[in-house]
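Remarks on the structure that follows.
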Amino acid sequence: MENGNLLKFRIYKILNGPVQQAFVYVFHQTYTQDTDVYTSAVKCGITGYFTETELAALQREKRPTRHSLPLLFKILKTCCNPALAVPTSTVWNNSHDRHEDPSSKGAVENLLLTFMKTYENVCTVSTPFSQDQFDGTISDITTWLEWLIEGAGKFDVTGRWRECLERVMVLIHDILLGEHKESSSAEIAEDVRVELHMRHRQYRKPELDPMCLWVTEAMDIPKRRSRKTPVLGPGKSVGIQDLLVKLIGKEAKPATGVCFIRAEPGCGRTSLAALLASSWTQMDERICRIGEYEAVIVVSGAAVSMSQEDLVCVVLPLCALTHGADKVRLWLSDARVVLVVDDAEELSDERTQEIKDLIMHCRFLTAIILSVPSFYDQLRHNWTDVPTVNLHLNGYNREEIVALAEWLLCQKTARADPKRFKMFLTKNICRLAHVLKYPNTLLQTCRAYAEKPDIYDEVTTATDLLWTLTLRRINEALADSPQVVTEKQALQWLTTAGEKALEAFRDGRRLEGDYMKHLESETLGNLSSAVCWNLMSGVFKQRCFLGTESQGYTSLHKVQEEFLAAWYADHKILEYNKMVSLIGESYCAYQLALFMGGLILRLRRDSGGALQELDERRLISAVLNHTDDSSEYLNFNMDLVAEVKAVPRLVEYIVDMSEYPDEWNVSAADAQLIPIEALLMNVAPTRIFLNVEEPKVYSELNRVIGFLCRVDIFLWLDSMCQFQYGASHKMDRIIKAFFGDHVVTKIDLLAGCVSVKILRELVSEPAFGHLVYIKMRVLDKISLSTLLVINKYLPKLLWLEVKIDFLILEEDINNLPCSTVPLMDVHLCRTGASCIPKLANLLGTMHTCYAGIHLQDTSLTPEDLFVLLKQLQKRSIRLYSHPESRDKFRRWYYPQLSSCNQSVELTDELAQELLGFDDRIYYSNHFVGSSCFAVAIDAWNLMSYLEEQDDIIQFTYQTENLRFTKRLDGTVNIEERKESKN
């Protein structure tokens with residue numbers, strides 16, 4: 001007996017071949033418009049019957065022969081009247097298996113509907129066909145096709161419907177033979193297309209649009225978070241639609257490429273894989289350039305590892321059965337194919353190597369491999385000999401979370417107010433985004449609000465949200481159970497689930513497999529099987545791999561695992577267990593510790609009473625010391641204060657048990673008002689360093705700045721991204737927030753980019769009268785001139801650092817003012833040998849002394865640079881600062897030196913003794929980057945000159961192949977440049 005899946009495959013080929021051609025014949029006989037379908041649909045106002053994807057396909061492809069069977073059916077139903085019934089007719093509601101008269105009214109419509117129901121059954125039912133099912137279905141399809149073509153023949157003015165019927169029947173006969181004498185490349189390609197279409201139709205459509213997922217370039221993730229290893233921001237964003245463009249570039253023909261996409265479980269990896277398959281199947285170009293491929297093969301790493309068959313037999317089993325694995329492999333070697341491997345962490349080492357070998361032996365195969373972060377590192381290590389593109393899937397970003405939630409509520413219910421829900425999200429998104437980025441949790445959150453609009457009235461933190469959702473799912477599970485379960489039993493089950501979650505966390509694993517089996521077993525020991533099933537299926541989800549059966553229960557995502565583990569860990573801390581014994585030392589417990597803090601407000605003693613002060617202190621101490629230096633980690637403390645809702649007594653415990661730096665480094669994009677406000681009421685830092693990088697939507701920055709304006713504290717406003725060449729952002733809006741006599745903040749450092757108008761206005765504002773350091777990128781000569789004389793209006797200004805981001809050497813520089821600021825740095829780019837005289841003139845005009853000259857993207861040779869330095873020397877331009885200037889700057893910059901007696905001069909030697917390091921590098925630090933190729937002998941004059949100049953402390957000249965460096969000890973070293981590998 002033949003393989004049941006192969007029988008099903010043949011039926012699908014018939015539906016997408018002969019039946020599709022019959023539908024095309026019906027279209028040609030019944031479509032009477034004088035324009036294409038898309039234009040007609042727009043003209044007649046019936047586009048609402050089609051999805052956006054279908055409309056895009058109609059607009060792009062005018063030929064009906066290229067459309068899928070479902071789209072053809074929709075066209076026939078909506079656009080082919082009056083020959084066929086209008087789409088609202090009841091004729092389209094019911095199909096019949098027998099049609100006595102093909103020419104009777106409604107017969108064609110019923111047959112079309114009957115075919116579509118058969119098509120849906122074949123696509124959605126995953127079980128193989130038996131021989132009897134196959135024979136019966138073929139008999140029905142053959143009969144229906146005869147009736148359909150004969151019924152449509154009444155509209156055929158040529159009367160040649162029998163010729164169409166004969167062609168269709170020949171095609172069916174060829175498919176039923178099941179034999180390919182030659183298995184040509186074209187035949188294999190067609191069968192691959194049909195097999196993949198059949199497989200892709202079985203993938204469940206995500207409820208949330210995967211096109212909105214947030215993908216960025218992958219950055220290295222520290223295994224543990226501490227004050228020494230802060231979490232890096234996301235890399236550069238990559239649009240989902242440009243995924244293949246990022247991988248293969250803009251080559252005329254797709255070439256071999258490998259892309260690793262790292263994502264935490266639950267972030268949408270499988271949805272992304274299904275999107276790639278769907279975009280190719282529907283030919284909609286949601287993914288740019290995907291239409292250039294002959295196949296998009298999606299396979300789960302679990303399916304590959306569970307099979308003992310050849311890899312080709314796993315990825316294309318039906319084609320391998322039809323044509324043989326060797327012939328399919330040969331076809332793959334020269335075909336344009338995208339291979340998507342989901343759940344790559346499930347692959348064995350042997351299977352991973354097989355996939356790698358397959359990719360390397362194919363000329364045009366593009367591979368996209370999705371895995372969890374832990375396996376991603378191993379993949380990169382094993383694929384070092386292959387160029388790869390490394391990306392990170394972040395789930396949904398803040399903007400998409402709010403937009404999708406609003407869309408969901410508008411679609412799902414008319415009772416709940418979307419505007420109120422949007423207000424809740426935008427107000428708390430900085431605390432909820434890391435939970436709502438997961439599609440499953442975002443769906444749960446929206447559904448809960450749709451059913452009960454007041455459910456989030458008391459929710460402000462991630463702990464609140466997960467607690468609310470978890471209890472809701474537990475209560476729903478227990479409501480349908482005949483067994484009465486008390487609240488104490490429900491919380492005890494939650495503790496048991498937390499115990500298994502903590503075990504999985506400590507082992508660095510996901511909460512699934514054996515952990516879930518043990519939880520299920522223990523649940524059955526205390527509760528009925530019905531309650532157990534309700535709880536497990538309600539709180540968790542089925543672990544499903546593409547192309548395989550369910551593999552049991554799993555946590556929704558890592559954050560849910562950490563939340564449950566935190567609930568159990570809190571209870572164990574109250575039982576005098578040590579934190580290190582609970583969580584281990586290998587994995588980052590940052591979020592788990594925050595949940596432990598947030599859950600303190602939910603805990604009760606065994607007697608039912610509230611926790612005592614000693615209990616809360618014990619828990620706070622454990623949370624603060626979850627790593628060796630976490631009690632000194634300001635950002636963690638701020639997050640913890642937010643998670644405990646800034647309850648005064650808990651804030652007091654946090655402050656008492658923590659150490660705080662003199663300088664607070666705060667990210668403006670992630671700053672939250674409540675923790676900053678609460679901590680500043682208890683701690684007095686020397687200054688706050690407000691890192692103003694690219695803003696995030698729905699941030700609390702405006703509220704934070706509004707509060708800081710009322711605090712008498714020194715503040716640094718620094719934006720490294722605005723200081724970069726070509727940056728587009730400016731700091732005008734933030735600076736203007738500190739304008740006014742009511743502002744008591746003292747801003748003594750400003751770095752970034754501002755307009756000329758703001759630059760001129762800020763000198764008269766009280767908050768900026770304390771400026772000591774200005775680091776500014778200027779875009780025109782007026783801004784530069786304003787900066788060069790700004791110290792006349794800012795008496796405390798000691799250091800001016802200017803980055804000139806325009807072609808100043810092409811302008812008249814003779815009327816530029818000369819700055820008298822004590823310390824100055826200048827940055828320029830794109831200079832060459834011909835610019836040396838004008839460059840020397842510019843530097844001599846702006847100042848007489850530079851702590852740093854930074855020339856980037858130049859073409860200066862060693863001899864060119866030597867000539868420049870000699871010209872500066874002739875103009876008496878010093879490349880080192882005055883001792884008095886260094887003394888003043890040190891007293892301001894280093895908190896530990898600010899209290900030194902003013903009568904004691906802070907010499908370089910004394911400063912080194914007090915600081916513990918030599919800081920002279922900051923006052924003479926010069927850099928020149930050049931694209932030229934140099935040899936050591938070319939730099940003889942330059943090296944000799946640098947060695948002779950004792951005042952030049954640090955000087956780096958970097959060419960395409962060498963790096964010349966003068967160091968603090970006065971030596972000049974030459975080293976070969978080694979390009980870092982990504």
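Quick grid of which residues meet (1) exposed (fewer than 12 other Cβ atoms within 10 Å of the Cβ); (2) closer than 30 Å to residue 220 by Cβ; (3) in contact (Cβ under 8 Å) with a residue 12 or more places away in the chain; (4) in contact with an Asp or Glu (Cβ under 6 Å, 6 or more places away or on another chain):
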position: 909; (1), (2), (3), (4): yes, no, no, no
position: 920; (1), (2), (3), (4): no, no, yes, yes
position: 927; (1), (2), (3), (4): no, yes, yes, no
position: 938; (1), (2), (3), (4): no, no, yes, no
position: 945; (1), (2), (3), (4): no, no, yes, no
position: 952; (1), (2), (3), (4): no, no, yes, no
position: 955; (1), (2), (3), (4): no, no, yes, no
position: 963; (1), (2), (3), (4): no, yes, yes, yes
position: 976; (1), (2), (3), (4): yes, yes, yes, no
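Just to be sure, is residue 372 aliphatic (A, V, I, L, M), over 30 Å from residue 590 (Cα atoms), in contact (Cβ under 8 Å) with a residue 60 or more places away in the chain and open to solvent by 10 Å² or more (accessible area, probe 1.4 Å)?
Values: aliphatic (A, V, I, L, M): yes; over 30 Å from residue 590 (Cα atoms): no; in contact (Cβ under 8 Å) with a residue 60 or more places away in the chain: yes; open to solvent by 10 Å² or more (accessible area, probe 1.4 Å): yes.
For residue 372, the condition - aliphatic (A, V, I, L, M), over 30 Å from residue 590 (Cα atoms), in contact (Cβ under 8 Å) with a residue 60 or more places away in the chain and open to solvent by 10 Å² or more (accessible area, probe 1.4 Å) - is not met.
Can you go through 660, 633 and tell me which one is open to solvent by 20 Å² or more (accessible area, probe 1.4 Å), at pLDDT below 90 and within 29 Å of residue 896 (Cβ to Cβ)?
Details: 633 fails: open to solvent by 20 Å² or more (accessible area, probe 1.4 Å).
After ruling out the rest, the residue left standing is 660.
Rundown of residues vs (1) touching a Gly at 6+ places or on another chain (Cβ under 6 Å); (2) in contact (Cβ under 8 Å) with a residue 60 or more places away in the chain; (3) more than 30 Å from residue 317 (Cα to Cα); (4) of a type outside the set (Asp, Glu), yes/no style:
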{"position": "6", "(1), (2), (3), (4)": "no, yes, no, yes"}
{"position": "26", "(1), (2), (3), (4)": "no, yes, yes, yes"}
{"position": "39", "(1), (2), (3), (4)": "no, no, yes, yes"}
{"position": "43", "(1), (2), (3), (4)": "no, no, yes, yes"}
{"position": "67", "(1), (2), (3), (4)": "no, no, no, yes"}
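Is one or more of the residues making up the stretch 321-339 under 22 Å from the mean Cα position of the chain (by Cα) and open to solvent by less than 40 Å² (accessible area, probe 1.4 Å)? First the steps, then the outcome.
Pass one, the stretch 321-339, residues under 22 Å from the mean Cα position of the chain (by Cα): 338-339.
The next check asks that each one be open to solvent by less than 40 Å² (accessible area, probe 1.4 Å); those that pass are 338-339.
There is at least one residue in the stretch 321-339 that is under 22 Å from the mean Cα position of the chain (by Cα) and open to solvent by less than 40 Å² (accessible area, probe 1.4 Å).
If I ask for residues that are under 16 Å from residue 864 (Cβ atoms) and part of a strand (DSSP E or B), which ones from the stretch 924-955 would you list?
Residues satisfying the conditions are 926, 927, 928, 929, 930, 955.
If the requirement is being farther than 21 Å from residue 596 by Cβ, at pLDDT below 90 and buried (at least 21 other Cβ atoms within 10 Å of the Cβ), which of these qualifies: 425, 442, 409? Give the steps one after another, and end with the answer.
Working: 425 fails: at pLDDT below 90; 442 fails: at pLDDT below 90.
Step by step, each of 425, 442, 409 is checked, and only 409 is farther than 21 Å from residue 596 by Cβ, at pLDDT below 90 and buried (at least 21 other Cβ atoms within 10 Å of the Cβ).
List, please: which pairs have Cβ atoms under 6 Å, are six or more places apart or on different chains, and start with a residue in the stretch 330-356 that is more than 25 Å from residue 267 (Cβ to Cβ) and end with one that is of a type in the set (Asp, Glu) and part of a strand (DSSP E or B)?
That search, which allows pairs on different chains as well, returns nothing.
Residues that are under 30 Å from residue 974 (Cβ atoms), among the polar types (S, T, N, Q) and buried (at least 17 other Cβ atoms within 10 Å of the Cβ): does the stretch 885-900 have at least one?
So in the stretch 885-900, the residues under 30 Å from residue 974 (Cβ atoms) come out as 886.
Within this subset, residues satisfying the condition of being among the polar types (S, T, N, Q) are none.
The answer is no, given that none of the residues of the stretch 885-900 is under 30 Å from residue 974 (Cβ atoms), among the polar types (S, T, N, Q) and buried (at least 17 other Cβ atoms within 10 Å of the Cβ).
Would a scan of the stretch 808-822 turn up a residue that is touching a residue at least 40 places away in the same chain (Cβ under 8 Å) and in contact with a Lys or Arg (Cβ under 9 Å, 6 or more places away or on another chain)? Let's see the steps before the verdict.
So in the stretch 808-822, the residues touching a residue at least 40 places away in the same chain (Cβ under 8 Å) come out as 822.
Narrowing the set further to residues that are in contact with a Lys or Arg (Cβ under 9 Å, 6 or more places away or on another chain) leaves 822.
Looking for residues that are touching a residue at least 40 places away in the same chain (Cβ under 8 Å) and in contact with a Lys or Arg (Cβ under 9 Å, 6 or more places away or on another chain), one finds at least one in the stretch 808-822, hence yes.
Quick one: residue 492 ticks every box in (1) under 33 Å from the mean Cα position of the chain (by Cα); (2) at pLDDT 90 or above; (3) closer than 19 Å to residue 520 by Cβ bar one, so which box is it?
(1)
Conditions: (1) open to solvent by 30 Å² or more (accessible area, probe 1.4 Å); (2) modelled with pLDDT of 90 or more; (3) not in a helix (DSSP H, G or I). Residue 905 meets all but one. Number of the miss?
Exception for residue 905: condition (2).
Filter the stretch 956-975 for residues that are hydrophobic (A, V, I, L, M, F, W, C) and outside any loop (DSSP other than H, G, I, E, B) and give the result.
If we filter the stretch 956-975 for residues that are hydrophobic (A, V, I, L, M, F, W, C), which is where we start, we get 962, 964, 968, 972, 974.
Correct list: 962, 964, 972, 974.
I'm told residue 315 meets every condition in (1) without any contact (Cβ under 8 Å) to a residue 40 or more places away in the chain; (2) open to solvent by 10 Å² or more (accessible area, probe 1.4 Å); (3) farther than 30 Å from residue 220 by Cα except one. Can you identify the failing condition by its number?
Result: residue 315 passes all but (2).
Restricting the search to the stretch 475-513, which residues are closer than 30 Å to residue 373 by Cα, open to solvent by less than 30 Å² (accessible area, probe 1.4 Å) and of a type outside the set (Phe, Trp, Tyr)?
Residues satisfying the conditions are 494, 495, 496, 497, 498, 500, 501, 502, 504, 511.
Can you say whether residue 32 is of a type in the set (Val, Ile, Thr) and not in a helix (DSSP H, G or I), as far as the supplied structure shows? Step through it out loud before you land on a result.
Numbers: of a type in the set (Val, Ile, Thr): yes; not in a helix (DSSP H, G or I): yes.
When the stated conditions are applied, residue 32 passes them.
Assess whether residue 163 counts as being more than 15 Å from residue 324 (Cα to Cα) and open to solvent by 40 Å² or more (accessible area, probe 1.4 Å).
On the way: more than 15 Å from residue 324 (Cα to Cα): yes; open to solvent by 40 Å² or more (accessible area, probe 1.4 Å): yes.
In short, yes.
Yes or no, residue by residue, for (1) in contact with a Pro (Cβ under 8 Å, 6 or more places away or on another chain); (2) surrounded by fewer than 22 Cβ atoms within 10 Å (Cβ to Cβ):
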| residue | (1), (2) |
| --- | --- |
| 737 | no, yes |
| 747 | no, no |
| 761 | no, yes |
| 764 | no, yes |
| 776 | no, no |
| 788 | yes, no |
| 795 | no, yes |
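Where in the stretch 775-883 are the strands (runs of 3 or more DSSP E), entirely inside, with at least 2 residues that are under 25 Å from residue 764 (Cβ atoms)?
On the way: elements: 799-804, 823-829, 852-858.
In the stretch 775-883, 799-804, 823-829 are the strands (runs of 3 or more DSSP E) which contain 2 or more residues that are under 25 Å from residue 764 (Cβ atoms).
Restricting attention to strands (runs of 3 or more DSSP E) lying wholly within the stretch 644-724, give those where 2 or more residues are among the polar types (S, T, N, Q). Talk me through it step by step, then tell me what you get.
Details: elements: 663-667, 687-691, 714-718.
So the answer is 663-667.
Could you check how many residues of the stretch 71-87 are within 15 Å of residue 48 (Cα to Cα), without any contact (Cβ under 8 Å) to a residue 40 or more places away in the chain and part of a loop (DSSP other than H, G, I, E, B)?
Of the residues in the stretch 71-87, 1 are within 15 Å of residue 48 (Cα to Cα), without any contact (Cβ under 8 Å) to a residue 40 or more places away in the chain and part of a loop (DSSP other than H, G, I, E, B).
Across the stretch 130-141, which residue is modelled with the highest pLDDT among those that are polar (S, T, N, Q) and open to solvent by 40 Å² or more (accessible area, probe 1.4 Å)? Outline the logic, then answer.
Within the stretch 130-141, the first condition is being polar (S, T, N, Q), and the residues that meet it are 130-131, 133, 137, 139.
Going one step further and asking which of them are open to solvent by 40 Å² or more (accessible area, probe 1.4 Å), we end up with 130-131, 133, 139.
Values: 130: 87, 131: 88, 133: 87, 139: 91.
My answer is 139.
Checking the structure you have, find out if any residue of the stretch 616-634 is outside any loop (DSSP other than H, G, I, E, B) and of a type in the set (Lys, Arg).
Checked against the condition, which is being outside any loop (DSSP other than H, G, I, E, B) and of a type in the set (Lys, Arg), the stretch 616-634 yields at least one hit.
Which residue out of 220, 209, 242 is surrounded by fewer than 21 Cβ atoms within 10 Å (Cβ to Cβ), over 30 Å from residue 13 (Cα atoms) and either modelled with pLDDT of 85 or more or touching a strand residue (DSSP E or B) at 6+ places or on another chain (Cβ under 6 Å) (or both)?
242
Give me the residue from the stretch 271-312 that is modelled with pLDDT of 85 or more, charged (D, E, K, R) and at negative phi and, out of that set, most open to solvent (accessible area, probe 1.4 Å).
Once the filter is applied, the top-ranked residue is 309.
Which one of the conditions (1) more than 27 Å from residue 603 (Cβ to Cβ); (2) open to solvent by 10 Å² or more (accessible area, probe 1.4 Å); (3) in contact with a strand residue (DSSP E or B) (Cβ under 8 Å, 6 or more places away or on another chain); (4) among the aliphatic types (A, V, I, L, M) does residue 697 fail to meet, given that it meets all the rest?
It fails just one condition, (3).
The values are calculated or read from the model by the stated rules, or taken from the named source; none is laboratory data. Just so it is clear, the structure is predicted and the values come from calculations on it, not from any experiment. Because the Cβ atoms are built from the backbone with ideal geometry, glycine has one as well, and the counts that use them run over all protein chains shown. Accessible surface is based on the protein model in full, side chains and every heavy atom, while ligands, DNA and RNA are left aside. Shrake-Rupley method; radii C 1.70, N 1.55, O 1.52, S 1.80 Å.
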